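Enquirer: Right, I'll just put the structure down here and ask away after.
The values are calculated or read from the model by the stated rules, or taken from the named source; none is laboratory data. Note that the structure is predicted; figures quoted are calculated from it, not measured. Note: ideal-geometry Cβ built from the backbone for every residue, glycine included; neighbour counts use all protein chains shown. Accessible surface is based on the protein model in full, side chains and every heavy atom, while ligands, DNA and RNA are left aside. Shrake-Rupley method; radii C 1.70, N 1.55, O 1.52, S 1.80 Å.
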Amino acid sequence: MNDHKKAYSLRLHEEIGNKVKKLADENRRTVSAEMGLLIEQGMAWREEKYNAMQAQK
């Protein structure tokens, strides 16, 4: 992945935003960096899950 980052507008329920803020504070990251990491991890998890399902077929 290249280092160029594009800005995206994102609307979240306040409860989710608060949870992300708490995680960001605990991990000494910005909220934006924490959201990016959560998205990357979620995408990797989905990919693993999809690959595991395909392997079972």
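Enquirer: Please give me, ordered by residue number, the chymotrypsin sites (Phe, Trp or Tyr not before Pro) of the chain that lie in loop per DSSP and have at most 12 other Cβ atoms within 10 Å.
Expert: 8
Enquirer: Turning to a different aspect of this structure: Please give the per residue accessible area of the chain, computed with a probe of 1.4 Å over protein heavy atoms only, in Å². Spell out each step's value before the answer.
Expert: On the way: 5790 Å² over 57 residues.
Accessible area per residue: 102 Å².
Enquirer: Here's another thing I want to ask about it. What distance in nm lies between label points placed 7 Å from Cα along the C-beta direction at residue 39 and residue 22?
Expert: Going from the residue 39 label point to the residue 22 one covers 2.3 nm.
Enquirer: Once you treat every alpha carbon in the chain as an equal point and sum by Debye, what is log10 I(q)/I(0) at q = 0.27 Å⁻¹?
Expert: Results for the chain at q = 0.27 Å⁻¹ read -1.11.
Enquirer: Give me the distance in nm between label points sitting 7 Å out from Cα along the Cα-to-Cβ direction at residue 30 and residue 13, one decimal.
Expert: 2.7 nm
Enquirer: On a 32 Å Cα-Cα criterion, which of the cross-link pairs 19/49; 21/49; 6/57; 6/49 come out too long?
Expert: 6/57
Enquirer: Same structure, new question: Percent of accessible area on the chain owned by carbon and sulfur, 1.4 Å probe?
Expert: Numbers: 3090 of 5790 Å².
Of all accessible area on the chain, carbon and sulfur atoms account for 53 percent.
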